[in-house]
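Okay, so here's the structure we're looking at.
Each reported figure results from applying straightforward, stated rules to the coordinates on display, with no laboratory input. All of these numbers come straight from a predicted model, not from anything done at the bench. Using ideal geometry, Cβ is built from the backbone for each residue, glycine included, and neighbour counts are taken over all protein chains shown.
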Amino acid sequence: MTNKLKTIIVDDEPLARKGLAVRLTAFDEVDVVSLCATGREAIEQIKLQQPDLVFLDIQMPEINGFQVVQALEEMQQKMPLIVFVTAFDQYAIKAFDIHALDYLLKPVDHDRLESALSKVKHTLAQAKDTAHKEKLVKLVSEVTGNDCEQILAELANNSPVSMSQYSDVLAIKDVGETTLVPTKDILCIDAAGDYMCVHTHDGTHILRKTMKDLEQLLDPKMFLRIHRSTIVNKGYIDKFGNHINGEYYLILTNNKEMKVSRSYKDKVKQAVLG
């Protein structure tokens, strides 16, 4: 390989981040162009630097390694080769064997790092980056459907990883930027023409999807459709009642009143009152 591997290291632990960078200086084919301490920083640097390779920590606050990959896919970014870095033991990490190009256990061992880099070079030489991306996307689609903290806890305890089809984060694009909104923070969603207004405590985000799309993305255990143009988070429902004119309504914990259509009344009543 004539060109160096443009590489980014992502880890929220400063010593782990710097330690891996120092180990990589032993490999002439690697050019570390950025050290990132957060998932958000990683996303921005990957967009900016267009690296060949990313050493990506799995367990990070706010945006973990899986969500970084999910965000890149949502943004249709060119996917670099990903080597996951994790403190999970070898039994637990078997859950990722069929998807990840490779993984490194902390603390990183020189021989293991050399093996991972050999696999990276082989993959690039064989032009298998498309297959790698497909595996990553499959991994993310499986893992991010559940609460990521739950999955990380399951892995740490050597428990079987439970997968789900539902996402725990919405990637919302706006003028070249993508905001990752945790679904647990969504109060409600209502339609405005061809767009969806996603309301959180921090404000409103505009998303171009249909209600049908959102129902497929959002976990029905957490979200409830109360109108053809409205979905609410069950965790933020405070009251359910009806007006004198017979119209039904919900009041959320932020005192926002939401109309419940007659066609959804029984379903809502069952979900709220049991």
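Please list, in order, the residues from the stretch 185-200 whose amide nitrogen is less than 20 Å from a point placed 7 Å along the Cα→Cβ vector of T253.
Under 20 Å, as judged by backbone N against the label point of T253, lie 185-190, 198-200 of the stretch 185-200.
Excluding T204 itself, calculate the net charge of residues whose Cβ lies under 13 Å from the Cβ of T204, where each Lys or Arg counts +1 and each Asp or Glu counts -1.
Its environment carries a net charge of -3.
Using the Karplus curve 6.51 cos²θ - 1.76 cosθ + 1.60 with θ = phi - 60°, what ³J(HN,Hα) values do you get for each residue of the stretch 213-228, in whole Hz, with x for Gly and Pro?
Values, residue by residue: 4, 5, 4, 6, 8, 9, 5, x, 6, 9, 10, 9, 7, 10, 7, 4 Hz.
Check which residues have an amide H placed less than 5 Å from L81's amide H, if you skip close sequence neighbours.
Amide H neighbours of L81, under 5 Å, 5+ apart: L53, V54.
So how do L252, L218 line up by other beta-carbon neighbours within 10 Å, fewest first? If you can, show how the numbers build up before the last one.
Numbers: L252 18, L218 21.
Going from least to most buried by this count: L252, L218.
Please list, in chain and number order, the residues 5+ apart from L170 or on another chain whose amide H is under 5 Å from its amide H, with Hs placed from the backbone.
Excluding prolines and chain starts, which carry no amide H, the hits are V181, T183.
What are the ³J(HN,Hα) values, in whole Hz, obtained from phi via the Karplus relation 6.51 cos²θ - 1.76 cosθ + 1.60 with θ = phi - 60°, for each residue of the stretch 50-57 in sequence order, with x given for Gly and Pro?
With the stated coefficients, the stretch 50-57 comes to 6, x, 7, 9, 10, 8, 10, 5 Hz.
State the extension gain, in nm to one decimal, for the chain segment bounded by A87 and A21, taking 0.36 nm per residue of separation less the distance between their alpha-carbons.
Working it through step by step, the gained length comes to 22.0 nm.
By count of other Cβ within 10 Å, fewest leading, how are I244, I63 ordered?
The order, fewest Cβ neighbours first, is I244, I63.
In the stretch 177-253, which GluC sites (Glu not before Pro) are in a loop and have at most 15 other Cβ atoms within 10 Å, using DSSP for the loop call?
Filter output for the stretch 177-253: E247.
Under 12 Å from the Cβ of R17, count the other residues' Cβ atoms, weight Lys and Arg +1, Asp and Glu -1, and hand me the total.
Neighbourhood net charge equals -2.
When the label point is put 7 Å from the Cα of K119 along its Cα-to-beta-carbon vector, which residues of the stretch 22-66 have a backbone N closer than 14 Å?
Only 54-56 pass the distance filter.
Applying the Karplus parametrisation 6.51 cos²θ - 1.76 cosθ + 1.60 with θ = phi - 60° to the phi angles of the stretch 178-192, what ³J(HN,Hα) value in whole Hz is obtained for each residue in order, glycine and proline being reported as x?
Working through the residues one at a time gives 10, 9, 8, 10, x, 4, 5, 8, 7, 7, 6, 9, 9, 7, 9 Hz.
Would you list L124, L170 from fewest to most Cβ contacts within 10 Å?
So the residues, fewest neighbours to most, are L124, L170.
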